[in-house]
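To keep things clear, I will list the structure first and then write my remarks on it.
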Amino acid sequence: MAPNHSRSVKLNDGYFMPVLGFGTYASDEVPKSKAGEATKVAVDVGFRHIDAAYAYQNEEEVGKALREKMADGTVKREDIFYTTKPGEDLLPKDASGQVILDTVDLRDTWEALEKCKDAGLTMSIGVSNFNHKQLEMILNKPGLKYKPVCNQVECHPYLNQSKLLEFCKSKDIVLVAYSALGSQRDPNWVEKDSPYLLEDPIVKAIAKKHSRSPGQVALRYQVQRGVVVLAKSFNEKRIKENFQIFDFELTPEDMKAIDGLNRNFRYAKLLFAADHPNYPFSEEY
């Protein structure tokens, strides 16, 4: 892509990823068309990093929106950094409704992604929800051809991932934050009594001091600590607001106060896989 280098990070493969991305996940009750409409707004506002996945079941709508913005001259294809997570099957379930799990060697999966890169099907390859031991397993794989460029994980002031962030930085792997605003509270993934990050008194006080929204503060926090951050909203006002994080800066005192909010609280625990040998959250980081 043709990046704005001041708002992008250079990946270990030489490509650039915008530090602020637009998330397209939505719960099942949200019409798929909303994802397309929101994507067009996001591109118009200035987002050039679009985060999607086959599992979201709205890539067709998102892709159509991007093609329309290319056709009307708003962007060129090389302007857009598009992230997806491949896979043919959604979570299959047995007769009792339990997710059917299998065990695979993650190194074999990585080799398949390397072949995709060699075939020109993707420019960069990375991972998601990997802990440091799983990352080391890939990095130490005999015959490794490409390192992961990024590791997309849940990350916000209540789960700041400081140890994983430092590990990733030491390996030249970019940490990408999802649920950076706290989570959509989808009952399929998130417990209903989970705390509201954007209602946190400290976040709100810092936002008031800077005449910003709590969401803008949560996003700016990540950018200043070297994290690529995803902002998800299908509300036009919020989409515009979420992009406006480059014209203010949090003070060292602000950053320290937000760091102090960490409680290692995870919104998306992926409990259906808690007994799987590759369950990533059994490790500290």
**OP:** Find the residue count for the range 171-196, including only residues that are surrounded by 14 or more Cβ atoms within 10 Å (Cβ to Cβ), modelled with pLDDT of 95 or more and either more than 16 Å from the chain's Cα centre (by Cα) or in a helix (DSSP H, G or I) (or both).
**Re:** 1
Original post:
What strands (runs of 3 or more DSSP E) lie completely within the range 1-99 and have 1 or more residues being among the hydroxyl-bearing types (Ser, Thr, Tyr) and within 18 Å of the chain's Cα centre (by Cα)?
Top reply: 8-10, 81-83
**OP:** Select from the range 116-162 the residues that are of a type outside the set (S, T, N, Q), assigned to a loop (DSSP other than H, G, I, E, B) and closer than 13 Å to residue 11 by Cβ and list them in ascending order.
**Re:** 123, 125, 126, 146, 147, 148, 149
Subject >> Subset of the range 23-45 (residues that are surrounded by 14 or more Cβ atoms within 10 Å (Cβ to Cβ) and in contact (Cβ under 8 Å) with a residue 40 or more places away in the chain) >> reply: 23, 24, 25, 26, 30, 34, 35, 37, 38, 41, 42, 45
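Every residue, every condition in (1) at pLDDT below 95; (2) within 22 Å of residue 281 (Cα to Cα), yes or no:
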| site | (1), (2) |
| --- | --- |
| 75 | no, no |
| 96 | yes, no |
| 113 | no, no |
| 117 | no, no |
| 131 | no, yes |
| 150 | no, yes |
| 165 | no, yes |
| 169 | no, yes |
Subject >> the range 46-77: number of residues that are under 18 Å from residue 20 (Cβ atoms), in contact (Cβ under 8 Å) with a residue 40 or more places away in the chain and open to solvent by 30 Å² or more (accessible area, probe 1.4 Å) >> reply: 1
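The values are calculated or read from the model by the stated rules, or taken from the named source; none is laboratory data. The model shown is predicted, which means the values in this text are computed figures rather than measured ones. We place every Cβ from the backbone using ideal geometry, glycine too, and count neighbours over all the protein chains shown. Areas reflect the complete protein model, heavy atoms only, side chains present, ligands, DNA and RNA absent. Shrake-Rupley method; radii C 1.70, N 1.55, O 1.52, S 1.80 Å.
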